[in-house]
1. Would you kindly state the longest site-free stretch of the chain, with sites defined as chymotrypsin sites (Phe, Trp or Tyr not before Pro) in a DSSP loop (not H, G, I, E, B) surrounded by at most 13 other Cβ atoms within 10 Å?
2. Can you list residues whose amide H is under 5 Å from I49's amide H, if they're 5+ apart or on another chain and H is modeled 1.01 Å from N?
3. Hey, what did the chain get for relative contact order, percent, Cα under 8 Å, at least 6 apart?
4. Which trypsin sites (Lys or Arg not before Pro) in the range 33-97 pass both tests, a DSSP loop state and at most 16 other beta-carbon atoms within 10 Å?
5. Give the Cα extents of the range 2-101 along the principal axes, in whole Å, largest first.
6. Apply the Karplus parameterisation 6.51 cos²θ - 1.76 cosθ + 1.60, with θ equal to phi minus 60°, to every residue of the range 53-58 and state each ³J(HN,Hα) to the nearest whole Hz, in sequence, with x for glycine and proline.
Amino acid sequence: MTVRNSLSALIGLWFIMAPWLFHYSDHHNAFLSSVICGAVQLVASLLAIGKKGWYTWQNWVALLMGVWFIMFPIAYGFKLLETTVLVFLAVTTVLLNYFNMNAEA
């Protein structure tokens, strides 16, 4: 659990830095979406450390951020490499949080 939430938090941190790594910091809406949703994922994942089960709102929030980040590069028309990396990390976020919520209580 702790490892999954920590990895999800690191991915959230990565999404915060992504506008500068992929050079879309000048695209205002994509920039704000990435930074704000990445920060939400980071904080929710850190708050979820040590928690498991379907009733932990922190895991749900992080999972929903992952779902948004799956759609994010398509919504903003990113290039293939950027889209592939972002979708891979987003799917990883969804799976990490799903398995954490599905863990034995």
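Please treat every number below as a calculation from the coordinates, not as lab data. Remember, it's a predicted structure, so these values are computed and weren't measured experimentally. All Cβ positions, even for glycine, are placed from backbone atoms using ideal geometry, and neighbour counts span all protein chains on display.
1. With a cap of 13 other Cβ atoms within 10 Å, the longest stretch comes to 1-53.
2. none
3. It rounds to 33 percent for the chain.
4. Loop-located and lightly packed - K79.
5. So the extents along the principal axes, rounded to whole Å, are 38, 19, 18.
6. x, 6, 9, 8, 5, 4
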